[in-house]
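Student: Sending over a structure as structure tokens; questions will come in a sec.
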2 protein chains.
Amino acid sequence: MTTAGRTNRREPQQERSRITRERLLSSTIEALAQDGWSAATVAAVAERAGVSRGAAQHHFPTREALITATLEQVFDDLADSATRAHPVPDDADRVSVAVEHAVAMYTGTEFKAALQIWAAAASDSALRALILPMEARFARAAHRTTMAVLGAEPDDDAAHRAVQATLDLARGLGLADTLSDDSARRAQVVATWSEMMRAMLV
Amino acid sequence: MTTAGRTNRREPQQERSRITRERLLSSTIEALAQDGWSAATVAAVAERAGVSRGAAQHHFPTREALITATLEQVFDDLADSATRAHPVPDDADRVSVAVEHAVAMYTGTEFKAALQIWAAAASDSALRALILPMEARFARAAHRTTMAVLGAEPDDDAAHRAVQATLDLARGLGLADTLSDDSARRAQVVATWSEMMRAMLV
């Protein structure tokens, strides 16, 4: 048997392992967002993902390991969505695009999952210590991208302050959306906010 | 023994019972806000309140009964703080007072406790059904009071929309304050927001 042969046999196994891990993490995000903290145990998530409990425990021996990995995945996903380049068409209303992009970040499945971990961190200082730097990094990425979508200069102080308020507003709208579908009311608030931003940034 | 005598003997007992109930509820609010959902069990709250477990179970036979009563207390407190008349001095900046009052409602102990119950409601549709009307009633009270503090006319559409956005912003700021003390950054956002409100409402 050649070395190449060995590598070929190992690669599919590593690939399967990677896919299993990803499936477990996306099932955990879904479980947290839809069914809350109590639904995100290794056993429940294994069942949801269609993975054997043994395989799940191989990847995540404890609930703590599962939650930590999920938290990293959630903030990676959020940072991805924050930094994703959205070429804004020349004739677009940049303020509306920026506000809608910010609000979209806080009303998706990832934010709902993060909120559950966030709430659980109230009674878990180790978890809180994990979240704080991730949240700060995401907030910086969201801020940078919103400035870029606005087309604001880096030294535009009014834009920086308006963007900061925009992200706080988006977080509040995200929270309101966790109990019931708030999309109709949210569209009105986004329109009002865009109007206020335009008045400030003109 | 006269009827009056009986009444007199019974009143202190009823009064003690009322005080015990109130103490259990305020301990539950504190436990939720400081230590999260898992800290709010009948036994843990009895210990925190310095009440015997038997007395606590007399008032709240189940955790569900304790959480339901706490939820009502939290939203009564929030609605109280929302509707409390704040005579605004003639020379005050009404916009700043209104924004600061709105933000104060969402950054206190009651909101942090409500947030824990809110997060737990993701996996509990009965709890969600309880919260939704209370939250809606509180939102209406907060809206009315913020309009009154602004001194806006009831038919001022721009003011209604700005107030709605203000309450969403306040909710977002409240959430940001649950992981770590966010008061310094919040003061800047409140100043920016007040400036934008003034521009819109002039």
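The values are calculated or read from the model by the stated rules, or taken from the named source; none is laboratory data. These numbers were taken from a predicted model, which means no experiment stands behind them. Because the Cβ atoms are built from the backbone with ideal geometry, glycine has one as well, and the counts that use them run over all protein chains shown. For the accessible areas, the whole protein counts, side chains as well, though only heavy atoms, and no ligand, DNA or RNA atoms are used. Shrake-Rupley method; radii C 1.70, N 1.55, O 1.52, S 1.80 Å.
Student: Looking at residue B:56, is it outside the structural domain of residue B:26 (by TED's automatic domain parsing) and among the small types (Gly, Ala, Ser)?
Tutor: It is false that residue B:56 is outside the structural domain of residue B:26 (by TED's automatic domain parsing) and among the small types (Gly, Ala, Ser).
Student: Would you point out the residue of region A:152-174, among those that are open to solvent by 50 Å² or more (accessible area, probe 1.4 Å) and assigned to a loop (DSSP other than H, G, I, E, B), that is farthest from residue A:97 (Cα to Cα)? Please lay out each step first, then the result.
Tutor: Residues of region A:152-174 open to solvent by 50 Å² or more (accessible area, probe 1.4 Å): A:153-157, A:160-161.
Going one step further and asking which of them are assigned to a loop (DSSP other than H, G, I, E, B), we end up with A:153-156.
Working: A:153: 17, A:154: 18, A:155: 21, A:156: 19 Å.
Looking at residues that are open to solvent by 50 Å² or more (accessible area, probe 1.4 Å) and assigned to a loop (DSSP other than H, G, I, E, B), I get A:155.
Student: Return the total of residues in region B:73-105 being acidic (Asp, Glu) and either within 18 Å of residue B:164 (Cβ to Cβ) or open to solvent by less than 30 Å² (accessible area, probe 1.4 Å) (or both).
Tutor: Counting residues in region B:73-105 that are acidic (Asp, Glu) and either within 18 Å of residue B:164 (Cβ to Cβ) or open to solvent by less than 30 Å² (accessible area, probe 1.4 Å) (or both) gives 1.
Student: Does region A:128-140 hold any residues that are facing chain B (nearest Cβ under 10 Å) and either open to solvent by less than 60 Å² (accessible area, probe 1.4 Å) or touching a residue at least 12 places away in the same chain (Cβ under 8 Å) (or both), and which are they?
Tutor: The answer is A:131, A:135, A:136, A:139.
Student: Something else about it: Give me a count of the residues in region A:145-174 that are among the acidic types (Asp, Glu) and within 7 Å of chain B (Cβ to nearest Cβ).
Tutor: Here the count works out to 1.
Student: Give the residue that is nearest to residue B:103 (Cα to Cα), with candidates limited to residues of region A:175-184 that are more than 8 Å from chain B (Cβ to nearest Cβ) and open to solvent by less than 60 Å² (accessible area, probe 1.4 Å).
Tutor: A:177
Student: Exactly one condition in (1) closer than 24 Å to residue A:185 by Cβ; (2) touching a residue at least 12 places away in the same chain (Cβ under 8 Å); (3) open to solvent by 60 Å² or more (accessible area, probe 1.4 Å) is not met by residue B:125; state its number.
Tutor: (2)
Student: Only one residue in B:158, B:148, B:142 is of a type outside the set (Val, Ile, Thr) and farther than 26 Å from residue B:72 by Cβ, so which one is that?
Tutor: Criteria check complete, one pass: B:158.
Student: Right, something else. Looking only at region B:13-31, which residues are open to solvent by less than 60 Å² (accessible area, probe 1.4 Å) and either in the same structural domain as residue B:78 (by TED's automatic domain parsing) or modelled with pLDDT under 95 (or both)?
Tutor: If the condition is that a residue be open to solvent by less than 60 Å² (accessible area, probe 1.4 Å) and either in the same structural domain as residue B:78 (by TED's automatic domain parsing) or modelled with pLDDT under 95 (or both), then B:17 is the only one that fits.
Student: Step by step: first the residues of region A:192-202, then only those that are more than 7 Å from chain B (Cβ to nearest Cβ) and over 15 Å from residue A:101 (Cβ atoms), then the one that is least open to solvent (accessible area, probe 1.4 Å). Which residue is that?
Tutor: Ranking the candidates gives A:201 first.
Student: Just to confirm my filter: which helices (runs of 4 or more DSSP H) fall fully inside region B:32-98 and include at least 2 residues that are of a type in the set (A, V, I, L, M, F, W, C) and under 30 Å from residue B:196 (Cβ atoms)?
Tutor: In region B:32-98, B:63-83 are the helices (runs of 4 or more DSSP H) which contain 2 or more residues that are of a type in the set (A, V, I, L, M, F, W, C) and under 30 Å from residue B:196 (Cβ atoms).
Student: Same structure, new question: Between A:82, A:122, which is farther than 25 Å from residue B:121 by Cβ and either in the same structural domain as residue A:194 (by TED's automatic domain parsing) or not polar (S, T, N, Q) (or both)? Spell out the reasoning first.
Tutor: Details: A:122 fails: farther than 25 Å from residue B:121 by Cβ.
The unique qualifying residue is A:82.
Student: Tell me which residues, restricted to region B:15-71, are over 23 Å from residue A:118 (Cα atoms), of a type outside the set (A, V, I, L, M, F, W, C) and in contact with a Ser or Thr (Cβ under 8 Å, 6 or more places away or on another chain).
Tutor: B:48, B:59
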